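Written below as structure tokens is the structure these notes are about.
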Amino acid sequence: MEVLIAIIKLIIVVTVLSVYVMYATWYERKVIGHMQQRIGPKRVGWHGLLQPIADTIKSFWKEDVIPDRADKPLFWLAPALAATFPFAAAIAIPFAPPLHLANGKVFYFSVFHSKVDILYILGMMGLASFGVLIAGIASGGSKYAFTGSQREAAQIVSYEAILALALLNPILMAHSLSLEKIVEAQRHLWFVFYQPFAFVAFVIAMIAATARVPFDLPEAEPELVAGHMTEFSGLKMGLFFFGQYVMIFVVSALASIVFLGGWTGPVLPGVVWYWIKILAFIFMYTWFWGTFPRYRYDQLMDIAWKALLPLMVLNILWTGFALAVGLPVL
Amino acid sequence: MEGIMFYIISAITVGGALGVLLSKDPYRAAMWMIFSFFGIAGLFVMLHAQFNAMLQIIVYAGAIAVMIMLVMMIMDRRTIESLKRFNSQFYWPALIGLALFADLAFLAYKFKIDTSNAGKNLAINGSNTQMIGEVLFKHYLLPFEVTAIILLVALIGAVVLTKKDIS
């Protein structure tokens, strides 16, 4: 029975996220369009609402080009991994607050629930970079793809560390690695008010970890054509986008759970608050895209290792000290 | 059920390790290594040590394997292609591995290991994050700190060795 429920949940989550990815592209084009005083997609359907469906059908029928010198098995593996691991991270994200049933059991709105949720999500996020890495290797010596995935590897290693260090402060305060416990610990005041530095570091690191503007160095169009995706076409390239957009959802949900109190909030019901926070983060991604220019590569590394890392280490030292002697954390 | 899962996971672990040895392409060898790490994480999960399993994935598959890939990507392409799988001294570690295998096989034979226990959680109390923290920071604090210092020394040593031109 439990296995059956888990399978049904899994199918629902994958379907919902796939539709979400399709409409996230529409939403981004629309928002960016209005930010740049354009209209955005408008022709296909009402306000362009059928545009993502048309794009998906188009990408199915594109010619699938595989370079002669490509490493064939790895060339197939790369897009598959790039889409699989973000979905694997997403199954640990709750879609609504847990439901306390009449017979004393708790119904979780996430497929996979354990005591170490945060570590699981971090692990899957780290593995998601392998899709990009293999894409560069498998492209058969294409310089653009190779440079793109090289950058991705360095960026992921740097910012994964910042992400984990920034998460450590709320974990220390909540005494738990489980998402429900962390939300429960924020009943009175959200962690963003206790840990403003950790929150800023987390937001910067989460944009870098998903490789979006202003940190989209792996696919910097003016320098690298399309970075790691240069040699991929049709549905294979679509899978990379799938992975990236699901990852944006995962980190947005993680940020709203860990720093903004998840489903806690006044007046409105919990689930509404939760989704308002997630959608605000997803809007923030688009907003940054329309606002910031791209950072240079050495600046990207400087931000991680010279600014955020020392700041986060000091922050953890202070949080630990304050918790140990019973001082107020801020 | 547990037995079947155990055999699948151990097949993944051993198969991944064999893939590392037998694949010609160093990148593919790195991929096989990650596959093997996944198997080890699965073994930890079967022992109810979820914390160790997740650390196995984050640290080894997520960080160390990415570092290995990064180093190979920075190296010259022709250097990588000219690398041989075995050098002239490969039989020494092979002998050690064979001796270890013989040792384990002998122990399994001597103590008549019951294969019907395969996959059962025989650990005393499982394990969890809090217990690991308590053991590390209450009972073994000094060895833990010494390990940290040793790692720091290795880190600084690597920097000093590679940055010879700094006066």
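The values are calculated or read from the model by the stated rules, or taken from the named source; none is laboratory data. All figures in this text were calculated on a predicted structure; none of them were measured in a lab. Heads up, the Cβs are rebuilt from the backbone with ideal geometry, glycines too, and the neighbour counts pull from every protein chain shown.
Results, tabulated for the structure shown:
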item: Boolean, A:PRO222 is assigned to a helix (DSSP H, G or I), modelled with pLDDT under 80 and surrounded by fewer than 22 Cβ atoms within 10 Å (Cβ to Cβ); result: yes
item: Among residues of region A:255-276, those that are more than 14 Å from A:ILE182 (Cα to Cα) and part of a loop (DSSP other than H, G, I, E, B), counted; result: 5
item: Any hit, region A:76-97, residues being out of contact with any strand residue (DSSP E or B) (no Cβ under 6 Å at 6 or more places or on another chain), more than 14 Å from every other protein chain (Cβ to nearest Cβ) and loosely packed, with under 14 Cβ neighbours inside 10 Å; result: no
item: One residue from A:ALA102, A:ALA54, A:ALA78 being under 28 Å from A:ILE118 (Cβ atoms) and hydrophobic (A, V, I, L, M, F, W, C); result: A:ALA78
item: From B:PHE6, B:PHE51, B:PHE101, B:PHE35, residue being within 14 Å of chain A (Cβ to nearest Cβ), over 23 Å from A:ALA153 (Cα atoms), outside any loop (DSSP other than H, G, I, E, B) and out of contact with any Cys (no Cβ under 7 Å at 6 or more places or on another chain); result: B:PHE51
item: Cβ pairs under 9 Å, 6+ apart, first in region B:5-30 and under 13 Å from B:ALA41 (Cα atoms), second among the basic types (Lys, Arg) and surrounded by fewer than 17 Cβ atoms within 10 Å (Cβ to Cβ); result: B:PHE6/B:LYS120
item: Residue satisfying condition, being free of Cβ contacts under 8 Å to residues at least 60 places away in the same chain and loosely packed, with under 12 Cβ neighbours inside 10 Å, within set B:LEU95, B:LEU43, B:LEU55; result: B:LEU95
item: Failed item in (1) touching a Phe, Trp or Tyr at 6+ places or on another chain (Cβ under 6 Å); (2) away from every other protein chain (no Cβ under 14 Å); (3) part of a helix (DSSP H, G or I), with A:ILE204 passing the rest; result: (1)
item: Selection status of A:VAL116, more than 7 Å from chain B (Cβ to nearest Cβ) and at negative phi; result: no
item: Region A:309-330: number of residues that are modelled with pLDDT of 85 or more and either of a type in the set (D, E, K, R) or in contact with a Ser or Thr (Cβ under 9 Å, 6 or more places away or on another chain) (or both); result: 1
item: Only one of A:LEU217, A:LEU309 that is aliphatic (A, V, I, L, M), buried (at least 17 other Cβ atoms within 10 Å of the Cβ) and either in contact with a strand residue (DSSP E or B) (Cβ under 9 Å, 6 or more places away or on another chain) or in contact (Cβ under 8 Å) with a residue 60 or more places away in the chain (or both); result: A:LEU217
item: Criterion: within 30 Å of A:LEU127 (Cα to Cα), within 14 Å of chain A (Cβ to nearest Cβ) and basic (Lys, Arg) - qualifying residue of B:ARG85, B:ARG78; result: B:ARG78
item: Residue that is farthest from the other protein chains (Cβ to nearest Cβ), among those in region B:13-32 that are within 20 Å of A:ALA128 (Cα to Cα) and of a type in the set (A, V, I, L, M); result: B:ALA29
item: Filtered residues of region A:119-149 (kept if more than 8 Å from chain B (Cβ to nearest Cβ), more than 20 Å from A:ILE248 (Cβ to Cβ) and either surrounded by fewer than 24 Cβ atoms within 10 Å (Cβ to Cβ) or at pLDDT 85 or above (or both)); result: A:GLY140, A:SER142, A:LYS143, A:TYR144, A:THR147
